[in-house]
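I have placed the structure first, in the form of structure tokens, so that the comments after it can refer back to it.
Bear in mind these aren't lab numbers, they're just calculated from the coordinates by the rules spelled out. On a predicted model such as this, the values are computed, not experimentally measured, just so you know. Glycine also receives a Cβ, built like all others from the backbone with ideal geometry; neighbour counts cover every protein chain displayed.
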Amino acid sequence: MSIGYRDRALYCEAVALADIAADAGTPCYVYSAAIIRENFRAYDQALAAVPHTVCFSVKANGNLGVLRLLAQMGAGFDIVSGGELYRVVKAGGDPAKVVFSGVGKTAAEIEEALGAGIFVFNCESEPELALIDALAHRLGVKARVAVRVNPDVDARTHAYISTGRLAHKFGVDLGEAEAVYEHARAHKNLSVEGVSCHIGSQLVDTAPVMEAVDRVLELIDRLRARGFDIRHADLGGGLGVSYKPEQSVPAISEFAACIASRLAGRDLHLLIEPGRSIVANAGVLLTRVLYRKKTGEKDFVIVDAAMNDLIRPALYSAHHEIVPVRDTGAPASRVDVVGPVCETGDFLARDREMAGVFPGDLVAIRSAGAYGFVQSSNYNARPRAAEVLVDGAAWRIVRRRESYDDLVRSES
């Protein structure tokens, strides 16, 4: 286990988390390079039977150190903004392995992506196809595109991260897709080569994913019968992780192998866009206990991390395990773990039975490597946390903690 206890002290690989907190301060995100590598390889090896590219979803964790680690392993990248493209290039990622998704690409972002030579645009509407065609014509290039189809499959996940129903803003209705492809074929500066689909995030039941995959493959068969040269299928990401010890989720190898089996013998290059399942359980958020407070029947543990550092509990009612960095064996109690932000919604756990901790103690919020720092903010004029990457016995700060000067640097 790359993040676990040794002699009652919590370690990330060969480094004691207390040592990181002493040098880097708190709050602080810490990521394990070993876990990231292990999870990426699990996808890559399980898909070995079919031509494929594992495109890491940058929105899950955009730290340059993390992106560089994945780029060195041969990863592609799934982006949803021009800023994410900039990050990928800055980290040494190959633009020719970049997939540009998202429902609201701007003209400036499209031009940047065309200039960088990305692999493909996953297009979500006919107006978007027309805009890419016009911009490609202006630049004298041909843009490779896929249409993102909406298969109307219930992902059985949180409503905010479900994307595959007709009521959602994403994609083109599967029933209208063939007509959209015919219109796309009329654009002279587009190369219509793929079909894309993504039904949601934190999926712990593979049945909806496989249902969507089957519908996409049926569409590809129909498009090929119409003379379209469909060369790749982008089947999205979304595999969930275990946020609770008792939560059961499919193994990456099992999930990926099941998808690969669907593509066997189909002469298609598979693109897959995992994010959370690669980095979530590779990361913890270190925070220090400031106070204990009892109000009526409530017992509060007040820590120096807050909803601006990790918004998932407040936004999604998400569960993150919270454990002491030093296991003293103190009796457990039922508490709310809250931060300093001036909001009742600023909580990291509610009514949680957890090991006894006291002012000055360090705790680690687990499974924080995905949608943690990337969703953080400066609310209440709080500088954003540092980020650390551990690799074996070595560790380094891959994002320094913001200063008060950083808070006002772009203002006048």
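Only helical runs count toward this figure. For the chain, summing -39,500 (n - 2.57) over DSSP H runs of n ≥ 4 and dividing by all residues gives -8500 deg cm²/dmol at 222 nm. Each DSSP beta bridge with both residues in the chain is either parallel or antiparallel, and the antiparallel ones are about 50%.
Rounded to the nearest angstrom and listed largest first, the equivalent-ellipsoid semi-axes of the chain from its Cα gyration tensor are 40, 22, 20.
Residue exposure proxy: 222, 384, ordered by other Cβ atoms within 10 angstrom of their Cβ from fewest to most, comes out as 222, 384.
The Cβ shell under 10 Å around residue 332 holds other residues with a net charge of +1, Lys and Arg each +1, Asp and Glu each -1. For region 33-277, the Cα gyration tensor yields ellipsoid semi-axes of 26, 22, 16 Å (square root of five times each eigenvalue, largest first, whole Å). Rounded to two decimals, the Cα radius of gyration of region 283-327 over 2.2 N^0.38 Å is 1.26.
Show log10 I(q)/I(0) for region 224-342 at q = 0.10 Å⁻¹, two decimals, from a solvent-free Debye sum over equal Cα scatterers. So the normalised log intensities work out to -0.52.
Measuring from centroid to centroid over Cα atoms, what is the spacing of region 40-110 and region 251-272 in Å? Their Cα centres are 19 Å away from one another. Counting beta carbons within 10 Å around each of 266, 37 and listing the fewest first gives the order 266, 37. Membrane-span-like helices in the chain (whole DSSP H runs, Cα extent of at least 15 Å along the helix axis, mean Kyte-Doolittle hydropathy of at least 1.0): 252-263. The P(r) of region 1-154 has a tail past 23 Å containing 50 percent of all C-alpha pairs. Cross-link pairs exceeding 22 Å between alpha carbons, from the set 59/97; 105/142; 59/90; 59/142; 97/142; 59/188: 59/142; 59/188. Ranking of 188, 59, 293 by neighbouring Cβ atoms within 10 Å, starting from the fewest: 188, 293, 59. Highest GNM mean-square fluctuation among 75, 233, 314, for the chain modelled with Cα contacts below 10 Å: 314.
Electrostatic tally near residue 20: other residues with Cβ closer than 14 Å to its Cβ, Lys and Arg +1, Asp and Glu -1, net +1.
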